[in-house]
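Step one of this worksheet: look at the structure below.
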Amino acid sequence: MTDLADDLSLLRDLERRLLVYKFAIEELMTKLRILSEEFDSVHRHDPIEHITNRVKKPEGILDKLRRKGLPLDVDSIGEVLDDIAGVRVICPFVSDVYRVSAMLARQHDVEILRTKDYIATPKPNGYRSLHLIVRIPVFLSDRVEHVKVEVQLRTIAMDFWATLEHKLFYKYDDSPPADFVDELMSSAMIAAQLDERMESLHRRIHQDDH
Ligand code: GTP
Ligand code: MG
């Protein structure tokens, strides 16, 4: 077979493998929507502002495998990559981030494989979010697959910073100039202070509820 035919057949196999990640996202979206609506009805506060999701594109997966020097083996991609399926949960307040994460962790069919708390310990550039690698069962016609999903939970302020940092940073191939780095870091601190101030208002208003 030619290289091109090899590549095309690899892409086709990969696309077939990715279907189960779409299903895992759908399962998780339903869980999150239920938590959002039910918590709101009981506590008169919706802990989720909005949710986005994506399955990594085949080209993106192949790029990442090549970049990390990992084998281009379609059957083992789920073992080597944690972020093929991604769900981003945007919450109003920091307490909601931990609340939603705890509610997910309590569900018997949700396994938490790994947690990275970049809120307690922000990244050096100022990035804050709570990352979970979860694994959930997807029931197919002839088997059950346990599928990994990367869940990023963050406040609106954290999302504002991360979205704009991503846009700005993409202009730079290497690291951005030092004053740029400082400015980003101090913007992240302002976002964190905003979160604290809003959280304390929220606490005052909801102190009788929960
Ligand atoms: P990757 O190899 O990029 O997946 O990193 P990792 O395996 O160490 O995972 P980590 O949990 O640190 O980051 C995973 C994802 O979080 C990234 O793909 C981004 O979506 C997001 N993220 C992490 N760091 C930053 C950051 O500095 N800025 C922004 N905007 N997003 C970030
Ligand atoms: Mg990643």
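Quick look at the values:
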item	result
Which numbered condition Lys116 misses (of (1) over 23 Å from Leu14 (Cα atoms); (2) assigned to a loop (DSSP other than H, G, I, E, B); (3) within 16 Å of ligand 2 (Cβ to nearest atom))	(2)
Subset tally (residues that are of a type outside the set (A, V, I, L, M), part of a helix (DSSP H, G or I) and either within 16 Å of the chain's Cα centre (by Cα) or surrounded by 19 or more Cβ atoms within 10 Å (Cβ to Cβ) (or both)) for the stretch 79-101	4
So Leu164, is it more than 16 Å from ligand 2 (Cβ to nearest atom) and either under 29 Å from Lys56 (Cβ atoms) or free of Cβ contacts under 8 Å to residues at least 60 places away in the same chain (or both)	yes
Residue within the stretch 6-22 that is part of a helix (DSSP H, G or I), closer than 21 Å to His146 by Cβ, touching an Asp or Glu at 6+ places or on another chain (Cβ under 7 Å) and touching a residue at least 24 places away in the same chain (Cβ under 8 Å) present	yes
Complete set of residues in the stretch 117-154 that are surrounded by fewer than 13 Cβ atoms within 10 Å (Cβ to Cβ) and in contact with a strand residue (DSSP E or B) (Cβ under 7 Å, 6 or more places away or on another chain)	Val144
Selection within the stretch 155-210 - exposed (fewer than 11 other Cβ atoms within 10 Å of the Cβ) and not in a helix (DSSP H, G or I)	Tyr170, Lys171, Tyr172, Asp173, Asp174, Ser175, Pro177, Gln207, Asp208, Asp209
Conditions (1) within 16 Å of ligand 2 (Cβ to nearest atom); (2) closer than 21 Å to Asn53 by Cβ; (3) not basic (Lys, Arg): number failed by Asp96	(1)
Options Pro71, Pro47; residue that is more than 30 Å from Met198 (Cβ to Cβ), away from ligand 1 (no atom under 12 Å from the Cβ) and assigned to a loop (DSSP other than H, G, I, E, B)	Pro71
Answer residue from the stretch 123-142, given it is assigned to a strand (DSSP E or B) and in contact with a Leu (Cβ under 9 Å, 6 or more places away or on another chain) and is farthest from Tyr21 (Cα to Cα) among those	Leu130
Pair list, Cβ < 6 Å and 6+ apart or interchain, from the stretch 67-90 residues that are more than 28 Å from Met158 (Cα to Cα) to residues that are modelled with pLDDT under 95 and within 12 Å of ligand 2 (Cβ to nearest atom)	Leu70/Val80
Filter result for Asp63 (within 16 Å of ligand 2 (Cβ to nearest atom), out of contact with any Gly (no Cβ under 6 Å at 6 or more places or on another chain), of a type in the set (D, E, K, R) and not in a helix (DSSP H, G or I))	no
Residue satisfying condition, being modelled with pLDDT of 95 or more, among the basic types (Lys, Arg) and under 19 Å from Val97 (Cβ atoms), within set Arg154, Arg143, Arg135	Arg154
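The values are calculated or read from the model by the stated rules, or taken from the named source; none is laboratory data. Small disclaimer: the values here were computed from a predicted structure and weren't measured. Neighbour counts are summed over all protein chains in view; Cβ atoms, including those assigned to glycine, are modelled from backbone coordinates with ideal geometry.
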